[in-house]
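The structure appears right after this line, and notes come after that.
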Amino acid sequence: MSLTCGGVSFSYEEARAAIPALRDVSFELRAGGSLALMGASGSGKSTLLQVIRGLDAPESGAVLLDAAGPVDAGYAVLQREVGLVFQAPELQLFAATARDDVAFGPRRLGWPEAQVGAAVDTALDVVGLPPAHFAERHPYALSGGEQRRLALAGVLAMRPRLLLLDEPFVSLDPGTRRQLVGILERLKAAGVTLLLATHDVDLAWALCDELLVLGEGRVVAAGPWDFGIDAGRLLAANRLREPFFVELWRRLGRDPQRAPRSATEAAEALS
Amino acid sequence: MKATIAQYYAGDSLLHRLDPRAKFVAVSALAVALFVRDSFAGLAVYAAAAVLAYALSGVPFAWFWRAFRPLLWLVALTFVAQVVFAPGAPFFSLWFIHVSWRGLELATYLSLRLVVLVLVGSVLTLTTPSIALTDGLAWLGRPLRRLRVPTDELALMVTIALRFIPTLFVELDTIMRAQRARGADFRRGGLRERTRSLVPVLVPLFVLSFRRADELALAMEARCYRPGAVRTRLHPLCAHWSDAVLLVATAAVIAAGLLV
């Protein structure tokens, strides 16, 4: 699913004043693409994801899904094909079994029970929690990493074509983190469009073709990764840094623009 | 979604700086006087004092209105009940409803009294942070310690509960958004369906609250909190001459209201 934000603005109504969170945010993400959403804490990343999912209506501007806007017929259906994984989504688990929790979304969509069952099994498989072993377990009896993946399965079961993730890697052990990266890579290969809000520049570089940097609610940089002359200053100004492999390539005197995305690629290039 | 009852408006007015104990005593005394005195003249004196106090607090009027709006139906109910059930010679009758001048008068009086009461109360809550208020209450409740009432512990419990209300609202909002993103709809359906739709919200909220309570208890123990032990305070309550002025002024207002 392609995504276009055109001049999106949004403020939070506080007791004494409206606090602007997004100011005239415009960018495009092609269908099947992957975009890393970065920026300092409080720069508007989470707000942007929630506005895209339609949980908050933008004050001005519009979010287009597959080039359709809020006034077009079928926009509500398109919105349901946008999956949003919240920060620490395991805090939202509630059902008595893993199966019921994952089935919540598909049931809300009104799918027949057979289709719900199939979607739940597939989603559990995708996140590496085989239903035979995990479906009947109590969500709170799972480990932290398993809970995170279960919550992800709850979103994937709704078959999203655009997946928004809010800091999915936070407080995961390296093993689970790697597992999650694998899951996202497979989703990408399956054609799911990814929008990944993260502070982890290395994982953003490994997973995403493009970059969107927000600073105080404004778009600071958008488009393909660009490690030109200004890049260092721009990244530092937004409390970011260059990905490890990019810095390595720069120090090796190689073109940072062609830096490898993974250790495998780096090993190939260097041997 | 926001809790509007007992909300604090940060400011630096004279009323903000007064000792919470003095404010609590003054407001309580005024509330009692409001109920003891039943004449429009007395009410007018107390209303004038309340309006003056509110004006001195520097809080925008909209804040009072926000706190008062949920109570509007209560005032309306009082008014209607008084009009319908008050005794007196009716000047207007319809089926079982007999409206008398006496009834109208009583209804107006009681409704206005409620408004003034809320206004007086909101001056206290708008200008006093909840922690200062509970500290003040704990101090005023000290004599009860002789009866082995754990007043300090109770005050701490209230303080913690108040402290976590906004936190829980934020968490409630996040959980509701997350479940809405998964297709939950909290506005559709009958009462039964709506109640059922709250399960995916309430279960995580309770789990989170218990976890938070556990962590808070551990953190407090780690910082040497012991129930029953004497605690010192970062901001010890300290009365000034202005607090005495407040109490004297309140006494004067109450007396004036009773005498007019």
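The values are calculated or read from the model by the stated rules, or taken from the named source; none is laboratory data. In this text, all values refer to a predicted model and were calculated from it rather than measured experimentally. Methodologically, a virtual Cβ is constructed for each residue, glycine included, from the backbone with ideal geometry; neighbour enumeration extends over all protein chains shown.
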- What about B:Thr167, is it farther than 30 Å from B:Leu56 by Cβ, in contact with a Lys or Arg (Cβ under 9 Å, 6 or more places away or on another chain) and among the polar types (S, T, N, Q)? yes
- Message: I'm told A:Val25 meets every condition in (1) part of a strand (DSSP E or B); (2) at positive phi except one. Can you identify the failing condition by its number?
- Response: (2)
- Query: Inside the stretch B:21-98, counting only helices (runs of 4 or more DSSP H) that do not spill past its ends, which hold 2 or more residues that are within 25 Å of B:Leu246 (Cβ to Cβ)?
  - Reply: B:40-57, B:61-68
- Taking B:Thr174 as the residue in question, decide whether it is away from chain A (no Cβ under 14 Å) and without any contact (Cβ under 8 Å) to a residue 60 or more places away in the chain. no
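Considering A:Ala103, A:Ala62, which residue is more than 10 Å from chain B (Cβ to nearest Cβ), outside any loop (DSSP other than H, G, I, E, B), in contact with a Gly (Cβ under 8 Å, 6 or more places away or on another chain) and within 19 Å of B:Arg180 (Cα to Cα)? Working first, answer last.
On the way: A:Ala62 fails: within 19 Å of B:Arg180 (Cα to Cα).
Unique residue meeting the criteria: A:Ala103.
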- Among the residues of the stretch B:209-231, is any in a helix (DSSP H, G or I), within 14 Å of another protein chain (Cβ to nearest Cβ) and within 30 Å of B:Leu15 (Cα to Cα)? no
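Conditions (1) more than 10 Å from chain B (Cβ to nearest Cβ); (2) more than 20 Å from the chain's Cα centre (by Cα); (3) outside any helix (DSSP H, G or I), marked per residue:
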| position | (1), (2), (3) |
| --- | --- |
| A:Pro58 | yes, no, yes |
| A:Gln79 | no, no, no |
| A:Phe94 | no, yes, yes |
| A:Ala123 | yes, no, no |
- Got a number for residues in the stretch B:28-73 being under 20 Å from B:Val260 (Cα atoms), surrounded by 19 or more Cβ atoms within 10 Å (Cβ to Cβ) and under 16 Å from the mean Cα position of the chain (by Cα)? 2
- Task: Would you please list the contacts, defined by Cβ atoms under 6 Å and residues six or more apart or on different chains, that run from a residue in the stretch A:30-44 that is among the hydrophobic types (A, V, I, L, M, F, W, C) to a residue that is part of a loop (DSSP other than H, G, I, E, B)?
- Result: A:Ala31/A:Met1; A:Ala31/A:Ser2; A:Leu35/A:Cys208; A:Ala36/A:Cys208; A:Met38/A:Leu240; A:Ala40/A:Asn238; A:Ala40/A:Arg239
- Among the numbered criteria (1) buried (at least 16 other Cβ atoms within 10 Å of the Cβ); (2) modelled with pLDDT under 95; (3) in contact with a Leu (Cβ under 7 Å, 6 or more places away or on another chain), which single criterion is violated by A:Arg241? (1)
- Subset of the stretch B:162-171 that is more than 17 Å from A:Gln87 (Cβ to Cβ) and of a type outside the set (Phe, Trp, Tyr) - its residue that is nearest to the other protein chains (Cβ to nearest Cβ): B:Pro166
- Query: So which of B:Arg188, B:Arg145 ends up being within 11 Å of chain A (Cβ to nearest Cβ), farther than 19 Å from A:Ala95 by Cβ and either at pLDDT below 90 or surrounded by 15 or more Cβ atoms within 10 Å (Cβ to Cβ) (or both)?
  - Reply: B:Arg188
- Message: For the stretch A:60-100, give me the residue count where each residue is charged (D, E, K, R), under 29 Å from A:Gly44 (Cα atoms) and either crowded, with 18+ Cβ neighbours inside 10 Å or in contact (Cβ under 8 Å) with a residue 40 or more places away in the chain (or both).
- Response: 4
- Considering (1) in a helix (DSSP H, G or I); (2) under 30 Å from B:Arg211 (Cα atoms); (3) free of Cβ contacts under 8 Å to residues at least 12 places away in the same chain, say which one B:Val149 fails and leave the rest. (1)
- How many of the residues making up the stretch B:191-204 are within 26 Å of A:Leu163 (Cβ to Cβ) and more than 7 Å from every other protein chain (Cβ to nearest Cβ)? 2
